[in-house]
Amino acid sequence: METLRTQVLIVGAGPSGLMLGQLLHKAGIDNLIVERQNGDYVLGRIRAGVLEQTTVDLLDEAGVGARMHAEGLLHGGFELAFEGQRHRIDLQALTAGKAVMVYGQTEVTRDLMEARAAAGLQTLYEANDVSLQGFDGDTPSARFKLAGKEIEVRCDFIAGCDGYHGVSRASVPEGAIQSFEKVYPFGWLGLLSDTPPVSHELIYGRHERGFTLCSMRSQTRSRYYLQVPLTDHVGDWSDARFWDELRRRLDPETAAQLVTGPSLEKSIAPLRSFVAEPMRFGRLFLAGDAAHIVPPTGAKGLNLAASDVYYLWQALSEHYRERSRAGIEHYSARCLSRIWKAERFSWWFTSLMHNFNNEPAIDAKLHRSELEYLISSPAAQTVMAENYVGLPW
Ligand code: APR
Ligand code: PHB
């Protein structure tokens, strides 16, 4: 067995692991990433594309902001559509000038991968059977197989950035962790196409046939979503059926503007709210999707991963620089305070905009009334805008 040594072992080369690796490197902290998949697989996952200002700032801090600033789109508002009308939420006016950056997670990941390679930092892809040991004491380590060879990595800390299905959370003894979960009775069918977006801002729509989202990746690439039953398969949805269904759910004016084209990608994602507490077990930290999932309405997933990474980077920097344990001790509580607020917002926005099967008639009436209140009340819009642009860290 070959033995390697690093200060921080990061499990998972998704956005959380890559961001953390870059920030630790800048702080002079040695790190190694082990990833189960290969790089192309990681880049093939299409996810949301709305970055809060604090996430943009963290990517700048990590030294990977150049392409985002050149190609990303700053959005000062978005629209809510229901009953044939579109209503703008003016983020900038409601939050004293804040905006969001529309830039795909795939691009964020690509920029981080390139920066890591340019800095000569090591990522061990296609690492199989990763297991974690000793994190409840002072000598944590990981073992895995790489091209048939057994490898052990000894380290000071392990960062579990390995997503919802990862090994890190699963390595914690059952009694030491508590999880909270809600599964929604529908999914999002997403379609990516090289067509100009139907509008220059995002449109979140409530409709009796189901929720729609009109989003984008650039001025020439669109991303659309339809609420679909969980029993549907991607194969049930030809491009033509997708576009027809989207048109039916949009108001006539927007539908007339819609430019359609062949799909580059189509997939169905389930919707889930999930939080695991706490997020630290001795020398093992969980960050990003390994510890929490939000439904995608409001695009908080990547932004929450960024705030976890920020707190962890601060904690580990303090530890190595000042031998202080304060950041490490407070890591879990700091993360969870922000996570629960984003969980609440994502659950609320999801509940407001989707059709729930067999929903009592009164619930549909209450959601409609809430939407009416929202579009008529600057106070309600301010609450929504403050959450959408992101709560402070
Ligand atoms: N060993 C090594 N790597 C693993 C293992 C394992 N046992 N299990 C999972 N991984 C890898 C996955 O292959 C994946 O590349 O960990 C990585 C986790 O990446 P993500 O799932 O993208 O999670 P994270 O980096 O926290 O990103 C959060 O992703 O789902 C979105 O909305 C979410 O935008 C947010 C972001
Ligand atoms: C996306 O573009 O994929 C997207 C945008 C906003 C959301 C969710 C997803 O709220």
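Observations
- Size of electric dipole in the stretch 33-95: Cβ of Lys, Arg +1 and of Asp, Glu -1, about Cα centre, debye, nearest 20: 220
- Value of Rg to Rh for the stretch 1-121 (Rh from inverse mean 1/r over Cα pairs, i.e. Kirkwood): 1.09
- Filtered chymotrypsin sites (Phe, Trp or Tyr not before Pro), the stretch 193-248: DSSP coil and at most 13 other beta carbons within 10 Å: none
- Distance between the stretch 252-272 and the stretch 190-221 - C-alpha centres, whole angstrom: 6
- Rounded accessible area per residue of the chain, 1.4 Å, Å²: 43
- Most positive-pole-ward Cα, 59, 22, 49, against dipole of the stretch 20-62 from beta carbon charges: 49
- Cβ-based net charge around residue 7, under 15 Å, with every Lys or Arg adding one and every Asp or Glu removing one: +2
- Of the residues 360, 267, 219, the one whose Cα sits farthest towards the positive end of the charge dipole of the chain is 360 (charges of +1 on Lys and Arg Cβ, -1 on Asp and Glu Cβ, taken about the Cα centre).
- For the stretch 1-97, applying the loop criterion from DSSP together with a ceiling of 14 other beta carbons within 10 Å to the chymotrypsin sites (Phe, Trp or Tyr not before Pro) yields no site.
- Around the Cα centre of the chain, unit charges on the Cβ atoms of Lys, Arg, Asp and Glu (plus for the first two, minus for the last two) sum to a dipole of about 120 debye.
- Taking max minus min of the alpha-carbon positions on each principal axis, the stretch 17-80 gives extents of 43, 28, 20 Å, largest first.
- Using θ = phi - 60° and Karplus 6.51 cos²θ - 1.76 cosθ + 1.60, couplings along the stretch 136-144 (whole Hz; Gly, Pro as x): 7, x, 9, 10, x, 7, 10, 10, 6
- Gyration tensor verdict on the stretch 197-291 (Cα atoms; rounded if a/c is under 1.5, prolate if a/b is larger than b/c, oblate otherwise): prolate
- The chain - mean residue ellipticity at 222 nm from DSSP helices (-39,500 (n - 2.57) per run, n ≥ 4, rounded to 500): -11500 deg cm²/dmol
- Taking label positions 7 Å along the Cα-Cβ direction at both residue 209 and residue 138, the computed distance is 6.6 nm, reported to one decimal.
- Other residues lying with their Cβ under 11 Å from the Cβ of residue 353 contribute a combined charge of 0, Lys and Arg counting +1, Asp and Glu -1.
- Count Lys and Arg as plus one, Asp and Glu as minus one, and take only other residues whose Cβ is under 12 Å from that of residue 178; the net charge is then -2.
- Taking label positions 7 Å along the Cα-Cβ direction at both residue 259 and residue 61, the computed distance is 3.9 nm, reported to one decimal.
- Calculated on C-alpha atoms, the gyration radius of the chain divided by its Kirkwood radius gives an Rg/Rh of 0.98.
- Label-point gap, in nm, between residue 236 and residue 126 - each point 7 angstrom along Cα→Cβ: 3.7
- Potential lengthening between residue 26 and residue 87 on full extension [0.36 nm per residue; Cα-Cα distance subtracted]: 17.6 nm
- Counted over the chain, the DSSP beta bridges are approximately 70% antiparallel.
- The stretch 106-197, Rg to Rh (Cα coordinates; Rh as Kirkwood inverse mean 1/r): 1.07
The values are calculated or read from the model by the stated rules, or taken from the named source; none is laboratory data. If you're wondering where the values come from, they're calculated on a predicted model, not measured in any experiment. Glycine also receives a Cβ, built like all others from the backbone with ideal geometry; neighbour counts cover every protein chain displayed. Keep in mind that these areas ignore ligands, DNA and RNA; they rest on the heavy atoms of the full protein, side chains included. Shrake-Rupley method; radii C 1.70, N 1.55, O 1.52, S 1.80 Å.
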